[in-house]
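Peer 1: I'd like to ask some things about the structure below.
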Amino acid sequence: RSAGGAVALRCLPFHPIPPVYTRLVRQGRWLNVDGHLCSVPCSDITCRRTYSPTSATPSCNTVMTLGISSETPPTLSASACETCEVDRLRRAQHVARAALRASSSRAQPQRSSRENAQFVADFFSASRLHFIGSWKGRFEALCDTLPPPPPLPKVPESERVILHIDMDCFFCSVAVRDKPELLGLPLAVSWSDDQRGSAEIASANYEARAFGVHNGMWVKSAKEKCPNLLIVPYEFEKYASTAEAMYIQVMNVTPHVLGVSVDECYADISGLGDGLSIAHTLRSQIKSATGCNASIGIGSSRLLARLATARAKPNGQARLSQAEAVEQLASMPPSTLPGVGPSQRDKLEQLGVSTCAQLLSVEVGKLRSALGAKTADKLLAMARGRDTRPWEPRPSRKSVGAQASWGVRFATWDEVEAFADDLSAEVARRMEAASVRGRSICVKLWRAMQNVPAGMSKGSMGHGICDHLTRTISLASFTAEQAVISR
């Protein structure tokens, strides 16, 4: 850092360093000749491209200046660099802990349905899965403020241009945007960071992933891999407003937008120009509007665009042809194809299929017998890089429901009925919001299994391994009334 306040990045010769440090350097961090991190991060995108993503030993000896000064920054000693990093980590830990303390989900101890008369309302207000699942309603409300989209451009399918927009480490990105002290450090989002480490990781940034931390991992296991992992709480309202800002930027480019989730969507830009150029501009606009990075994949179908996004991440764009997609799919498991769930995966494994290339070698009749003709034909087409799914930006809603799978505890039948009434009221509220009625009622019950292996049984709040029981009844007429649903 020069006296004038500008930041300069110098590529110095140094010894090979671990992959996690390489990733941090690519985000604009200085290193001394021994490979120690030092100074402050630089947010300019040009710094992130100074080093090759696959090379740990840069060969250039140039100085890139950001600002008004061209002075070369001094090379700090290893001890000075280490002291700087320790101080920065402490500041970041303080910020993360303060955020957890302030979070409404940590304002009081988590209580089960037996202990909390407002359990259902509190559960859904703090549920990540509920927030993600309810995004469809928010997306539809946003679409209602806009004119209906015109018909899709009539172009040959091979010439169609589809963008797949995916926000990078979305929950973590929102946290870093508003708490810059966390920038460049391993970070994860979860509802708790208590000593038990029993909370689940919902999102992990790339710095944390370099240590092996991933979504769905328990905090305890994550910290065994990354002891300095920072944990911050959910911020649902910020996610919603940021997602809406992202969607608005996409809709400013094209009216043909298909929402997938809070941080992901497709857009048809056929006939609007070069896909890579449009993607580059759109990523810049999303960054400006949200403060978060987005990666964009480009292809002639949703399948190809999604595959291209994997090449684009993080914070980039990439285009994938059908020939390239077939080559890429050959070694991928069929479970990565859209619509392949646990049941289809198990049936394919019974056929000895573990890759898309093996899927194409199976006799068609045998595959149709195992999966059904419609599913088999769809998977065979996708394994060849062809996606025949219709473009349905607002598909008709087939069901409305509510599910609580954590903290549910009963001792009496009265408690069961009270819980069913509260859950039915939540379903009725959602039906009213969606302006729908129904007459088929499905009840799913998870019953904890007995004599299961250690670590897999029901805990104080979790459900452990369960038997899944399902019952469905049909009413004489359509309804959205809570009293009828709970009865």
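The values are calculated or read from the model by the stated rules, or taken from the named source; none is laboratory data. Remember, predicted model here, so these are calculated numbers, not experimental data. In this analysis, Cβ positions are derived from the backbone assuming ideal geometry, glycine residues included, and neighbour counts consider all displayed protein chains. We work out accessible area using only protein heavy atoms, side chains counted, and drop any ligands, DNA or RNA first. Shrake-Rupley method; radii C 1.70, N 1.55, O 1.52, S 1.80 Å.
Peer 1: Only one residue in THR309, THR290, THR281 is modelled with pLDDT of 95 or more, among the polar types (S, T, N, Q) and touching a His at 6+ places or on another chain (Cβ under 9 Å), so which one is that?
Peer 2: After ruling out the rest, the residue left standing is THR309.
Peer 1: Next question, about the same structure. Residue check: is GLN403 touching a strand residue (DSSP E or B) at 6+ places or on another chain (Cβ under 8 Å) and either at pLDDT 90 or above or assigned to a loop (DSSP other than H, G, I, E, B) (or both)?
Peer 2: On the way: touching a strand residue (DSSP E or B) at 6+ places or on another chain (Cβ under 8 Å): yes; either at pLDDT 90 or above or assigned to a loop (DSSP other than H, G, I, E, B) (or both): yes.
Judged against the criteria, GLN403 is a match.
Peer 1: Separate question: Identify all residues within segment 393-419 that are aromatic (Phe, Trp, Tyr) and free of Cβ contacts under 8 Å to residues at least 12 places away in the same chain; write none if there are none.
Peer 2: Once the filter is applied, which keeps residues that are aromatic (Phe, Trp, Tyr) and free of Cβ contacts under 8 Å to residues at least 12 places away in the same chain, segment 393-419 yields only TRP413.
Peer 1: Okay, next question. Do any residues in segment 420-437 that are open to solvent by 40 Å² or more (accessible area, probe 1.4 Å) have Cβ atoms under 7 Å from those of residues that are charged (D, E, K, R) and at pLDDT below 85, where the two are at least six apart or on different chains, and which pairs are they?
Peer 2: VAL436/ARG397
Peer 1: Run GLY372 past the list (1) in contact (Cβ under 8 Å) with a residue 12 or more places away in the chain; (2) open to solvent by less than 50 Å² (accessible area, probe 1.4 Å) and report the number of the one that doesn't hold.
Peer 2: Only one criterion in (1) in contact (Cβ under 8 Å) with a residue 12 or more places away in the chain; (2) open to solvent by less than 50 Å² (accessible area, probe 1.4 Å) is unmet by GLY372, namely (1).
Peer 1: Look through ASP194, ASP144 and report the one residue that is over 28 Å from ARG90 (Cβ atoms) and modelled with pLDDT under 85. Break it down stepwise before answering.
Peer 2: On the way: ASP194 fails: over 28 Å from ARG90 (Cβ atoms).
When all the criteria are applied, what remains is ASP144.
Peer 1: Here is a further query. Does SER300 count as over 26 Å from VAL176 (Cα atoms), open to solvent by 10 Å² or more (accessible area, probe 1.4 Å) and in contact (Cβ under 8 Å) with a residue 24 or more places away in the chain?
Peer 2: Here the answer is yes, as SER300 does meet what is asked.
Peer 1: Looking only at segment 171-183, how many residues end up being open to solvent by 10 Å² or more (accessible area, probe 1.4 Å), in contact (Cβ under 8 Å) with a residue 60 or more places away in the chain and either more than 21 Å from LYS313 (Cα to Cα) or touching a strand residue (DSSP E or B) at 6+ places or on another chain (Cβ under 9 Å) (or both)?
Peer 2: 5
Peer 1: Same structure again: Restricting attention to segment 117-136, and to residues there that are surrounded by fewer than 16 Cβ atoms within 10 Å (Cβ to Cβ) and modelled with pLDDT of 70 or more, which single residue is farthest from LEU187 (Cα to Cα)? If you could, list the steps in order and put the result at the bottom.
Peer 2: So the first thing to find is which residues in segment 117-136 are surrounded by fewer than 16 Cβ atoms within 10 Å (Cβ to Cβ), and the list is 117-118, 121, 125, 129, 132.
If we keep only those that are modelled with pLDDT of 70 or more as well, we get 117-118, 121.
Values: ALA117: 34, GLN118: 32, ALA121: 29 Å.
The qualifying residue farthest from LEU187 (Cα to Cα) is ALA117.
Peer 1: Looking at the structure I just gave you, is ALA308 surrounded by 18 or more Cβ atoms within 10 Å (Cβ to Cβ), more than 22 Å from the chain's Cα centre (by Cα) and closer than 15 Å to ASP387 by Cβ?
Peer 2: No: the conditions fail for ALA308.
Peer 1: Applying the selection to segment 193-222, what residues are more than 22 Å from VAL262 (Cβ to Cβ), in contact (Cβ under 8 Å) with a residue 60 or more places away in the chain and part of a loop (DSSP other than H, G, I, E, B)?
Peer 2: Within segment 193-222, ASP193, SER198, ALA210, PHE211 meet the criteria.
Peer 1: Looking for whichever is at pLDDT 90 or above, β-branched (Val, Ile, Thr) and either surrounded by fewer than 18 Cβ atoms within 10 Å (Cβ to Cβ) or within 30 Å of GLU157 (Cα to Cα) (or both) here; the options are THR412, THR355, THR388. Which one fits?
Peer 2: THR355
Peer 1: Can you pull out every residue in segment 431-442 that is in a helix (DSSP H, G or I) and at pLDDT 85 or above?
Peer 2: MET431, GLU432
Okay, residues lined up against (1) under 22 Å from the mean Cα position of the chain (by Cα); (2) part of a helix (DSSP H, G or I); (3) closer than 27 Å to LEU182 by Cα:
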{"residue": "GLU224", "(1), (2), (3)": "no, yes, yes"}
{"residue": "MET246", "(1), (2), (3)": "yes, yes, yes"}
{"residue": "VAL250", "(1), (2), (3)": "yes, yes, no"}
{"residue": "LEU258", "(1), (2), (3)": "yes, no, no"}
{"residue": "ALA279", "(1), (2), (3)": "yes, yes, no"}
{"residue": "SER284", "(1), (2), (3)": "yes, yes, yes"}
